[in-house]
């Protein structure tokens, strides 16, 4: 069973915010830099390395908080809530919405009410009951 901690969601959002700030700072340095052609400033290299590290941390946090469950459920077509909460313990699960409302009758089924007692002598004991008194 997978345990997702909602407190870690704050760290995911903070890592995303940090990533956006670092990438924005890198873009600003590249656009406003007066560097020569063919030469990458040290600030750009440093901000690029920092953005890669922050992105790695962000992806790790997202994977910890259920990102792998999302990918697994997309690949296998399963419900990720069963991995988080376990299988349903409801004795009466909801009906399948794809099932027809009135299923077709079985052509091999006996005619009449299947819950009705068999036809015959109603006073006779059930068949196979050895403790029943003899009829007489």
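The values are calculated or read from the model by the stated rules, or taken from the named source; none is laboratory data. These numbers were taken from a predicted model, which means no experiment stands behind them. Counting neighbours? That spans all protein chains shown, and the Cβs are built from the backbone with ideal geometry, glycine included.
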- Item | Matching residues, the range 63-81, being within 21 Å of residue 7 (Cβ to Cβ) and out of contact with any helix residue (DSSP H, G or I) (no Cβ under 6 Å at 6 or more places or on another chain) | 63, 64, 66, 67, 68, 70, 81
- Of all helices (runs of 4 or more DSSP H) completely enclosed by the range 13-121, which ones contain at least 1 residues that are modelled with pLDDT of 80 or more? 42-62, 68-76
